[in-house]
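First the structure, in the form of structure tokens, and then the observations on it.
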């Protein structure tokens, strides 16, 4: 998997490139931290090809936002709004800074633990991006919470996970639409069937 371009500065920053939409080819700083692994350009291109006709006007949730790559890409491609949930304060502040740089008033950043956020009264989204830290068993905890009112009927959930992880916790009304594997990574798109 290709890593983000390293910036040669003392702040420990890398660059994230937006690959499509209004902000195509814009490069934004992201923090260079252990465990922060932005979705690669190739994977993002595939995912947004899958969602091409569903992104414009969509309300999105980028849970475990990290660099914000997925949510920023969605906004660039015409999503109506995106909520970014990120636990690390410095990383959340960087997403806020990048939204300001892009003059994106339709993005909001919540500095919170994902499970704490999902314990609030649900807001139904059209699309949820779910890319939690690997090998921490978070999908098994988060997926049942998301299925309780966080997705609109016919909404989509994108899941990025280590290939060996078990998704037996998926609700029966989530239908697999697309799936690919890249090395040790599997990424999948599900649709809520009503």
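The values are calculated or read from the model by the stated rules, or taken from the named source; none is laboratory data. None of these values were measured; they are calculated from a predicted model. Counting neighbours? That spans all protein chains shown, and the Cβs are built from the backbone with ideal geometry, glycine included.
Of the numbered conditions (1) assigned to a helix (DSSP H, G or I); (2) in contact with a helix residue (DSSP H, G or I) (Cβ under 9 Å, 6 or more places away or on another chain), residue 61 satisfies every one except a single condition; which is it?
(1)
Give the residues of the stretch 89-121 that are out of contact with any helix residue (DSSP H, G or I) (no Cβ under 9 Å at 6 or more places or on another chain), farther than 22 Å from residue 56 by Cα and not in a helix (DSSP H, G or I), sorted by residue number.
Within the stretch 89-121, 113, 120, 121 meet the criteria.
Checking the structure you have, find out if any residue of the stretch 136-153 is assigned to a strand (DSSP E or B) and over 18 Å from residue 64 (Cβ atoms).
Yes, the stretch 136-153 has at least one match.
From the list 84, 125, pick out the single residue that is surrounded by 15 or more Cβ atoms within 10 Å (Cβ to Cβ), under 16 Å from residue 59 (Cβ atoms) and touching a residue at least 40 places away in the same chain (Cβ under 8 Å).
The match here is 125.
Confirm whether residue 72 is at negative phi and crowded, with 18+ Cβ neighbours inside 10 Å.
Here the answer is yes, as residue 72 does meet what is asked.
Which condition number in (1) more than 22 Å from residue 136 (Cα to Cα); (2) at pLDDT 95 or above is the one that residue 10 fails?
Unmet condition: (2).
Restricting to the stretch 160-194, and then to whatever is touching a helix residue (DSSP H, G or I) at 6+ places or on another chain (Cβ under 8 Å) and part of a loop (DSSP other than H, G, I, E, B), can you tell me which residue is surrounded by the most Cβ atoms within 10 Å (Cβ to Cβ)?
Top of the filtered list is 170.
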